[in-house]
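**Student:** Would you mind keeping the following structure in view while I ask a few things?
The values are calculated or read from the model by the stated rules, or taken from the named source; none is laboratory data. These numbers were taken from a predicted model, which means no experiment stands behind them. Every residue, glycine as well, gets a Cβ built from its backbone with ideal geometry; the counts of neighbours run over all protein chains shown.
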Amino acid sequence: MITLSPEVTQYAWEQARLKYKLEPKQKEAYDHIKRSPAEEIFFLLCHRGFGKTFLGSILGIETARKEVEGSILIVSGTLKKLRTIVKPTFEQILRDCPEAYKPKFHAQDSTYEFPNGIRVHLCAAEKGHIEDLRGIHKVILVLIDEAAFFGDEDDSYPLDYVIEHILNPMFIRTASTPRIIMMTTPPDVPNHPCKKYYEKAQEAGCVATFDILNSDIPEHKIEEQRRRCTDPLAWQREYLCKWVVDTNRLIVPEWDSSKYVQEVAHDRYFDFFHKYEFLDTGVRDFTINIFAYYDFRNARMVVEDEILLKGDQVRTDILADRTKEKEKSLGYTKMYRRIGDNNNLIILNDLSGPKHNLTFMATSKGVLNSNVADEDFGMVNELRLWVNAGRVYIHPRCKYVIGCFENGIWDKSKKQFARSATYGHFDGLAAMCYGVRHVDQQTNPIPATFGISEQTHSIPPGKEESKNYKELRKALHIQKIKRSTEDWRTRAA
């Protein structure tokens, strides 16, 4: 950062031209953002240590100095990040700001108020905080810091919810064209909402990527960091800005959609196979009911369909009606077992009662609630063994269940399932886990006489001299049996 004389510093702040505070690569990113259309989300993908929060704060302060009306938001995933990263960065930039232009900080609502009336709000995407922003209007700029890590904490809201439900409606009364700038390193989980915003920004030419090899970091420091980093995935993601997933956090790393997502045709034994339903209930998360059958001949579970409910849709009558409709459409005329988690026994009792007559048996759901026990991990491991052995097939129409297999991850402590903006608590995997636990693998549902022809296994009256009779007599040693019978009758006489 260049040090300016007091006179030049005064002029820079007067003209709101603070680019001089940036490093060369930060200046490149600054120019790219300035050239991009305001109506498109700009996505800055950069390595750790790039100074994205500093760059974003510079853009926010410059905009606050230039504009005469409106609000600016700097949004981070948690209050802790605001206090330890964003606010100290703001204070650092404002050190040489002349008193005439210096904003006042209101600690009660975490807001910087500039002399021209523009406010910069430091916002946390946390429960109890982000919803408070709904009253802010005429927002002219939103800076989203570490966008790939929204939703990591239990009280942290998912990125797409923050943008679609909280931020975008704030632009209704903004006279100028407002803009959103996302700044982040890549996420460490699959299917993070920021990926779709990255791809959309890429199509619009509004992406700038700065990995550590394209940075202001000295070469000797890069080599030092390379030696320190012993995790290849961490190096690719944190330093080279690659969209890589930590497979150690995948719940079912054995899953391969190219192998196991397919439509399995019904054979002549289908009507005999045991039919199952695996129900996982939730309101904050999804309620999922999975319809499957166990192919006894091939020792595999075939998932054929799903019902997905959330929020005010989660009512016993809706679930019961849709379950009955689905059973009818699939030809599941006789259910062998319906399995439900014990998280909401009231719903299971209602479904099993005389009004709906859908009997569900309850199972435990420890690891999915957060109570860790060996048997719970064993339940997950059993599902993994089934998948690894090629014993689970899923119909392509089961989008949610497939998505849970592809994207399901443990939380960072690896003690319970993580949460996803798209897939909730990966409830499809939860249902499959305790569903597999209750599959009857011992009972052969195919009748012993099924497929046996009367023409080859019986002798119709008056057909003793037929070809079939002679063949059967030869095969079963009828002549020998007849002689033995005659000898027995002679001795008896």
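**Student:** Could you list, in sequence order, all residues of the range 20-37 that are farther than 20 Å from ILE217 by Cβ and either touching a residue at least 12 places away in the same chain (Cβ under 8 Å) or touching a Phe, Trp or Tyr at 6+ places or on another chain (Cβ under 9 Å) (or both)?
**Tutor:** Within the range 20-37, TYR20, ILE33, SER36, PRO37 meet the criteria.
**Student:** Is one or more of the residues making up the range 231-244 under 16 Å from the mean Cα position of the chain (by Cα) and either surrounded by fewer than 19 Cβ atoms within 10 Å (Cβ to Cβ) or in a helix (DSSP H, G or I) (or both)?
**Tutor:** So the first thing to find is which residues in the range 231-244 are under 16 Å from the mean Cα position of the chain (by Cα), and the list is 243-244.
Now restrict to residues that are either surrounded by fewer than 19 Cβ atoms within 10 Å (Cβ to Cβ) or in a helix (DSSP H, G or I) (or both): 243-244.
The answer is yes, given that some residue of the range 231-244 is under 16 Å from the mean Cα position of the chain (by Cα) and either surrounded by fewer than 19 Cβ atoms within 10 Å (Cβ to Cβ) or in a helix (DSSP H, G or I) (or both).
**Student:** Continuing with this model, one more query. Can you give me the ranges of the strands (runs of 3 or more DSSP E) entirely in the range 320-394 with at least 1 residues that are on the phi > 0 side of the Ramachandran plot, surrounded by fewer than 19 Cβ atoms within 10 Å (Cβ to Cβ) and at pLDDT below 90? Even if it seems obvious, please write down each step before you answer.
**Tutor:** Details: elements: 337-341, 361-363, 392-394.
Counting at least 1 such residues, we get no strands (runs of 3 or more DSSP E) at all.
**Student:** With over 22 Å from LEU159 (Cβ atoms), free of Cβ contacts under 8 Å to residues at least 60 places away in the same chain and of a type in the set (A, V, I, L, M, F, W, C) as the only criterion, which of TRP243, TRP235 stands out?
**Tutor:** Values: TRP243 fails: over 22 Å from LEU159 (Cβ atoms).
Matching residue, one of TRP243, TRP235: TRP235.
**Student:** Enumerate the pairs (first residue in the range 47-65 and within 13 Å of LYS87 (Cβ to Cβ); second residue anywhere and of a type in the set (Ser, Thr, Tyr) and part of a helix (DSSP H, G or I)) with beta-carbon separation below 8 Å, excluding pairs fewer than 6 apart on the same chain, so at least 6 apart or on different chains.
**Tutor:** Taking only residues 6 or more apart or on different chains, the pairs are THR53/THR89; PHE54/THR89; SER57/THR89.
**Student:** Take ILE140 and tell me if it is within 23 Å of LYS195 (Cβ to Cβ), in the same structural domain as GLU39 (by TED's automatic domain parsing) and touching a residue at least 24 places away in the same chain (Cβ under 8 Å). Please lay out each step first, then the result.
**Tutor:** Details: within 23 Å of LYS195 (Cβ to Cβ): no; in the same structural domain as GLU39 (by TED's automatic domain parsing): yes; touching a residue at least 24 places away in the same chain (Cβ under 8 Å): yes.
Against the criterion (within 23 Å of LYS195 (Cβ to Cβ), in the same structural domain as GLU39 (by TED's automatic domain parsing) and touching a residue at least 24 places away in the same chain (Cβ under 8 Å)), ILE140 does not qualify.
**Student:** While we're here: Looking only at residues that are at pLDDT below 85 and under 21 Å from the mean Cα position of the chain (by Cα) in the range 153-179, which one is farthest from LEU141 (Cα to Cα)?
**Tutor:** Filtering first and then ranking leaves ASP154.
**Student:** For residues that are outside any helix (DSSP H, G or I) and either of a type in the set (A, V, I, L, M, F, W, C) or modelled with pLDDT under 95 (or both), tally how many sit in the range 298-319. Before you say what the answer is, go through the steps one by one.
**Tutor:** From the range 298-319, those outside any helix (DSSP H, G or I) are 298-310, 314-315; that's our starting set.
Cutting the leftovers down to either of a type in the set (A, V, I, L, M, F, W, C) or modelled with pLDDT under 95 (or both) gives us 299, 301-303, 307-310, 314-315.
Looking only at that region, the number is 10.
**Student:** Scan the range 332-347 for residues that are in contact (Cβ under 8 Å) with a residue 24 or more places away in the chain and not charged (D, E, K, R) and report the count.
**Tutor:** Going through the range 332-347, the residues in contact (Cβ under 8 Å) with a residue 24 or more places away in the chain turn out to be 332, 334-341, 343-344, 347.
Checking which are not charged (D, E, K, R) leaves us with 332, 335-336, 339-340, 343-344, 347.
Residues flagged as in contact (Cβ under 8 Å) with a residue 24 or more places away in the chain and not charged (D, E, K, R) within the range 332-347 amount to 8.
**Student:** Let me ask you something else. Looking at VAL68, is it assigned to a strand (DSSP E or B) and hydrophobic (A, V, I, L, M, F, W, C)?
**Tutor:** Values: assigned to a strand (DSSP E or B): no; hydrophobic (A, V, I, L, M, F, W, C): yes.
Criteria not met by VAL68.
**Student:** Considering only residues that are in a strand (DSSP E or B) and charged (D, E, K, R), which ones fall in the range 143-179? Lay out the reasoning, then the answer.
**Tutor:** Residues of the range 143-179 that are in a strand (DSSP E or B), as a first pass: 143-145, 156, 179.
Once the filter is applied, which keeps residues that are in a strand (DSSP E or B) and charged (D, E, K, R), the range 143-179 yields ASP145, ARG179.
**Student:** Select from the range 395-413 the residues that are farther than 14 Å from PRO253 by Cβ and surrounded by 22 or more Cβ atoms within 10 Å (Cβ to Cβ) and list them in ascending order.
**Tutor:** At the first step, the residues of the range 395-413 found to be farther than 14 Å from PRO253 by Cβ are 395-403, 411-413.
Within the range 395-413, CYS398, VAL401 meet the criteria.
**Student:** Related question: Given the conditions (1) in contact with a Phe, Trp or Tyr (Cβ under 7 Å, 6 or more places away or on another chain); (2) buried (at least 22 other Cβ atoms within 10 Å of the Cβ), and given that ILE212 satisfies all but one, which numbered condition is not satisfied?
**Tutor:** Failing condition for ILE212: (2).
**Student:** Go through LEU94, LEU141, LEU122, LEU79 for me and flag whichever is over 30 Å from ARG35 (Cα atoms) and either under 31 Å from the mean Cα position of the chain (by Cα) or buried (at least 16 other Cβ atoms within 10 Å of the Cβ) (or both).
**Tutor:** On the way: LEU94 fails: over 30 Å from ARG35 (Cα atoms); LEU141 fails: over 30 Å from ARG35 (Cα atoms); LEU122 fails: over 30 Å from ARG35 (Cα atoms).
The match here is LEU79.
**Student:** Further question: Somewhere in the range 45-53, is a residue in the same structural domain as TYR161 (by TED's automatic domain parsing), assigned to a loop (DSSP other than H, G, I, E, B) and under 24 Å from GLN10 (Cβ atoms)? Talk me through it step by step, then tell me what you get.
**Tutor:** The initial filter retains those residues of the range 45-53 that are in the same structural domain as TYR161 (by TED's automatic domain parsing), namely 45-53.
If we keep only those that are assigned to a loop (DSSP other than H, G, I, E, B) as well, we get 47-51.
Keeping just the survivors that are under 24 Å from GLN10 (Cβ atoms) gives none.
No, the range 45-53 contains no residue that is in the same structural domain as TYR161 (by TED's automatic domain parsing), assigned to a loop (DSSP other than H, G, I, E, B) and under 24 Å from GLN10 (Cβ atoms).
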